[in-house]
């Protein structure tokens, strides 16, 4: 039996509500800085929710999505772009952008470029064109699980030998009038207008919903030998991917967390690890009453003894189609720096979520952290989990 | 190796895969003037009548959560799954391809009208009366992965999954993902499909502006993939001819990546 091709992370880039760039975001995440503020992009004074986690980048809608995707890509490629051609592919998590409301009322037709930019695969096409990537190109649109599944899909393609390198990641822009209206009508958003900085509080007893965020995360994934041959820095290895469907209800998650547990177990199985090997879980932890309860039950089902857990959505809100990629990058950085990022605003852990080892201030692991797991669970019941392992053993640790 | 164990289709030329193939090969077309597209330079579309969801929806109240693509998908997926062995749903994978999900104008119309003043968007009304009238479940109806969500819920499919977005290539990607999930042992069976509806004014108008002059269509194709040797002969070329399908059923987006399976 031939050995499975191993997949490593050789470069990363991201733009988030906490900052432009990997190091800015990482430092702010470790400090548990706040990325949630009153909405700046439009006048939200009459809205039931008047805050969001916006990026400090001008623009809105589809053009901003494209800008963020390229900013994250450019950072990831700062050390050099992968060779163009058919051995390079792109797989991004992204959703269709909504046409601006003004279009419905203005007399002149939107430009062709404006319409084309709304397509869910517009960022994927843009990234592939920028790189001259003629290998496999796909766009995953599975709500909050999109970019987690995009990374998984990219890993599978490299393992099979279809490509040597994949650009994987995700992008989303959510601070838009109809998003705020729609998700607030759904009752999914925090309404803590008097203190937005306290609104996103995963696993806290007083959480009341998620905070709309936005951003982009890009990872350069390579077959390990390919990376070693070209002397690329290896930041971490992607060792496991698992996903599942809840097949429960459109509007909520099963209270026993079984679907989420299945995704985590699949990812562990794929990595050849046991739950005891995992040293940190970056939870989906949206700060909604249902998700955090359901996810905590899933963690208890999989992990017999407590594992350090945090949700970085406390700092930066919910990046939806981009959250899987950004949180995967945070797991890579946790392994690189041996630091566990905390959950902001977790003051009073919800007893209903059981006895979790919450990371409430950044925690140093002094070389003990070998494997991390990150979760992403989407509306409609799609679950994705990824396992990242330290570059140690992959050669040429940075 | 994998083989196709079941197939289900919903098209404007009917729901029987072999009959649809025969009609397309014979030059039949479902394109006809559509009142929905009134005002456009070409009002032709290939619209599906129905579909009848009786027997394909466990809870009738879920119907209000179904956008058009999900409505088309449920009967097609259900027919494809008829041969799924009992007890196998738990580990069955499901991969779906979708196009750009159009906003559900009918649901949102009262809200949108309430946002207008003198033919312009009035932002005060958007945050006020427009917001009050906005349908609370609309976000859950129009998310692109809702086709996958409804299919998995209705049939209890809990395995690996994914929603690919885009054109015909996305349909082919969904099929390939399903085949590989079975071949690589990650799922004993996998459902693959695509569902699309472009027969609404907003989408059709955008298509015209983009220079996509093929009339819009709507359809769903799902197949159940399982282990085994493939059966059958390669398709006659004309059945795999995308243009022939487009002349018969309009532009069906990602479903076009699966037409060749109907042979």
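The values are calculated or read from the model by the stated rules, or taken from the named source; none is laboratory data. Given the structure is predicted, the values throughout are model-derived calculations rather than measurements. Don't worry about glycine lacking a Cβ; one is built from the backbone with ideal geometry, like all the others, and counts go over all protein chains shown.
Here is a yes/no grid of residues against (1) outside the structural domain of residue B:200 (by TED's automatic domain parsing); (2) assigned to a loop (DSSP other than H, G, I, E, B); (3) over 21 Å from the mean Cα position of the chain (by Cα):
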{"residue": "B:20", "(1), (2), (3)": "no, no, no"}
{"residue": "B:27", "(1), (2), (3)": "no, yes, yes"}
{"residue": "B:30", "(1), (2), (3)": "no, yes, no"}
{"residue": "B:41", "(1), (2), (3)": "no, yes, yes"}
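From the list A:81, A:109, A:56, the one residue that fits, being closer than 29 Å to residue B:118 by Cβ and either assigned to a loop (DSSP other than H, G, I, E, B) or without any contact (Cβ under 8 Å) to a residue 24 or more places away in the chain (or both), is A:109.
The set of residues in region B:43-62 being farther than 17 Å from residue B:208 by Cα, outside any loop (DSSP other than H, G, I, E, B) and in contact with a helix residue (DSSP H, G or I) (Cβ under 8 Å, 6 or more places away or on another chain) consists of B:62 alone. Checked against (1) under 30 Å from residue B:163 (Cα atoms); (2) in a loop (DSSP other than H, G, I, E, B), residue A:328 passes all but condition (2). Taken together, the criteria exclude residue A:214 from residues that are surrounded by fewer than 21 Cβ atoms within 10 Å (Cβ to Cβ) and modelled with pLDDT of 95 or more.
When each of B:171, B:185 is tested for being more than 9 Å from every other protein chain (Cβ to nearest Cβ), in a loop (DSSP other than H, G, I, E, B) and either farther than 26 Å from residue B:46 by Cβ or within 18 Å of the chain's Cα centre (by Cα) (or both), the lone residue that passes is B:185.
This table checks each residue for (1) in a strand (DSSP E or B); (2) in contact with a strand residue (DSSP E or B) (Cβ under 8 Å, 6 or more places away or on another chain).
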position	(1), (2)
A:345	no, yes
A:355	no, no
A:366	no, no
A:372	yes, yes
A:375	yes, yes
A:380	no, no
A:384	yes, yes
A:389	yes, yes
A:392	no, no
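Working carefully through the options A:150, A:129, find the one that is assigned to a helix (DSSP H, G or I) and over 16 Å from the mean Cα position of the chain (by Cα). Just a single option satisfies the conditions, and that option is A:129. Has region B:87-94 got any residue that is assigned by TED's automatic domain parsing to the domain that holds residue B:177, touching a strand residue (DSSP E or B) at 6+ places or on another chain (Cβ under 8 Å), buried (at least 24 other Cβ atoms within 10 Å of the Cβ) and in a helix (DSSP H, G or I)? The answer is no, given that none of the residues of region B:87-94 is assigned by TED's automatic domain parsing to the domain that holds residue B:177, touching a strand residue (DSSP E or B) at 6+ places or on another chain (Cβ under 8 Å), buried (at least 24 other Cβ atoms within 10 Å of the Cβ) and in a helix (DSSP H, G or I). Here region B:123-147 is the region considered, the condition is being more than 7 Å from every other protein chain (Cβ to nearest Cβ) and assigned to a helix (DSSP H, G or I), and the residue that is surrounded by the most Cβ atoms within 10 Å (Cβ to Cβ) is B:147.
Residues of region A:133-147 include at least one that is more than 14 Å from chain B (Cβ to nearest Cβ), surrounded by 24 or more Cβ atoms within 10 Å (Cβ to Cβ) and over 30 Å from residue A:296 (Cα atoms).
Here is a list: A:93, A:35, A:59. Which entry is under 25 Å from residue A:180 (Cβ atoms), in contact with a helix residue (DSSP H, G or I) (Cβ under 9 Å, 6 or more places away or on another chain) and within 14 Å of another protein chain (Cβ to nearest Cβ)? Answer to the selection: A:93. Every listed requirement among (1) crowded, with 23+ Cβ neighbours inside 10 Å; (2) at pLDDT 95 or above; (3) under 24 Å from residue A:320 (Cα atoms) is met by residue A:74 save one, (1). Taking region A:171-276 and the helices (runs of 4 or more DSSP H) fully enclosed by it, the elements with 2 or more residues that are within 14 Å of chain B (Cβ to nearest Cβ) and in contact (Cβ under 8 Å) with a residue 40 or more places away in the chain are at A:177-185, A:258-271. Could you check, for region B:209-221, whether at least one of its residues is crowded, with 23+ Cβ neighbours inside 10 Å, over 20 Å from the mean Cα position of the chain (by Cα) and either in the same structural domain as residue B:94 (by TED's automatic domain parsing) or closer than 21 Å to residue A:142 by Cβ (or both)? Checked region B:209-221: no residue is crowded, with 23+ Cβ neighbours inside 10 Å, over 20 Å from the mean Cα position of the chain (by Cα) and either in the same structural domain as residue B:94 (by TED's automatic domain parsing) or closer than 21 Å to residue A:142 by Cβ (or both). Would you check if residue B:162 is closer than 22 Å to residue A:123 by Cβ, more than 7 Å from chain A (Cβ to nearest Cβ) and either at pLDDT 90 or above or surrounded by fewer than 17 Cβ atoms within 10 Å (Cβ to Cβ) (or both)? Against the criterion (closer than 22 Å to residue A:123 by Cβ, more than 7 Å from chain A (Cβ to nearest Cβ) and either at pLDDT 90 or above or surrounded by fewer than 17 Cβ atoms within 10 Å (Cβ to Cβ) (or both)), residue B:162 does not qualify. For region B:45-63, the condition holds for at least one residue, the condition being that it is modelled with pLDDT of 95 or more, over 14 Å from the mean Cα position of the chain (by Cα) and within 28 Å of residue A:119 (Cβ to Cβ).
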